[in-house]
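Visitor: Attaching a single structure in structure tokens format; questions to follow.
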Amino acid sequence: MKSKYIQNLIVKRIVTLPLLLLLISFGSFFLANLSPSDPAEVTLRVNDIVPTKEAIEETRKELGLDRPFLEQYMTWVSNIVLKGDFGFSYESKKSVLKELLQATPITFYLTIFALGLIVFFSFFFGILCAVYENHWFDKTIRSLIFITTATPSFWLGLLLIWFFSLKLNLLPSGGYDSIYSLILPAFTLAITYISTFIRIIRNSLIEIKDAPFIIYAKLRGLKKSKILKHQIKNIIPPFIVALNMSIPRLFAGTIIVENVFGLPGLGRICIQAIFNRDFPIIQTYILFMAILFIVFNLIADLWIVIKDPRKRV
């Protein structure tokens, strides 16, 4: 019964996937082309070429921008589907796929690093806050949560650079030389999520402390540590689902952090592409992010169905 339901769920998602991707690809293509600037003119300026009328017209023909909108879109989609060709960058003239794949490892390492920080600090402080509910420790952490949640990530990143790099000279202020270059960016990326998950874990543990199975455990005379273990075990499934859904958001969130710290990842490439009106890179980046959200959404749904039989009814 369970396996059949999961198979049906996967088949249903796979069947609807092409239509969903088609809509997303059209949306990304349409939005990128809403820009009032002429990408042909911007491309000439970026490559230090005087944008005369003749040069702009020639560049528009070279980039295929002189063709109707739908024809451009159909060509882009058919090249992706039939050849795996995402086009070439207007600025560098290199393959879009190659450029994005070269930048992906930095973004991937940054996301994984941030994810590790989120899991460690969220559980550590979330559990302590629940154990010491309304104690000075709990109140202090909740105050810090409020402050960090309200602090923009770019501002936090600049503060960390100022303190740890300029004042203490402990960590690199930017660029990517070693794993140490990712410590400050990963913390900047993770801090908002850490605050959110500390609150989720704390509140979830407090909510179930009077649940029947916890009361029964107390009546059996179990130690506090064992009772806490039961509580933690019950909040892990929803925590994993929430964490799973945060991964694509983390990946997409690197767009700000990478630019603050000068990391050569996907986010930085995307921002450069936006400034240079490099449509093929912008469109492909949006498409990749959409696929990432779809995949992790499917994983979360499957996890919920497997762990909670009520969802299969």
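Visitor: Please state the relative contact order of the stretch 126-186 as a whole percent: Cα pairs under 8 Å, 6+ residues apart?
Guide: The normalised contact order for the stretch 126-186 reaches 18 percent.
Visitor: Still on this structure: Hey, what did the chain get for relative contact order, percent, Cα under 8 Å, at least 6 apart?
Guide: 27 percent
Visitor: For I6 and N203, what is the calculated FRET efficiency with R₀ set at 30 Å and r taken between the beta-carbons, to the nearest 0.05?
Guide: Calculated transfer efficiency: 0.45.
Visitor: Further, regarding this structure: Gain in length, E58 to I236, computed as 0.36 nm per residue apart minus the alpha-carbon separation, to one decimal in nm?
Guide: Gain in length upon complete extension: 58.2 nm.
Visitor: Rounded to the nearest whole Å², what accessible area per residue is found for the stretch 193-253 with the 1.4 Å probe?
Guide: Heavy-atom accessible area per residue stands at 58 Å².
Visitor: Moving on to the next point. Taking the Cβ of R142 as the centre, find all other residues whose Cβ is under 15 Å away and add up their charges (Lys, Arg: +1; Asp, Glu: -1).
Guide: That works out to +1.
Visitor: With a 10 Å radius around each residue's Cβ, average the other Cβ atoms per peptide and rank 156-163, 29-36, highest first.
Guide: Ranking, from highest mean packing down: 156-163, 29-36.
Visitor: Oh, and also: Using +1 at the C-beta of Lys and Arg and -1 at the C-beta of Asp and Glu, which of I208, I247, C270 has the Cα lying farthest in the positive direction of the dipole of the stretch 158-313?
Guide: Value: I208.
Visitor: Okay, moving on. Hey, can you rank 216-229, 57-70 by average C-beta count inside 10 Å, highest first?
Guide: Answer by packing, highest mean first, reads 57-70, 216-229.
Visitor: Let's test the formula: R0 of 41 Å, r as the Cβ-Cβ distance of T104 and L128. What FRET efficiency results, to the nearest 0.05?
Guide: Once rounded, the FRET efficiency stands at 0.70.
The values are calculated or read from the model by the stated rules, or taken from the named source; none is laboratory data. Keep in mind the model is a prediction, meaning the values are calculated, not measured. Virtual Cβ from ideal backbone geometry, glycine too; neighbours counted across all protein chains shown. When the accessible area is computed, the model is the full protein with side chains, heavy atoms only, and any ligands, DNA or RNA have been set aside. Shrake-Rupley method; radii C 1.70, N 1.55, O 1.52, S 1.80 Å.
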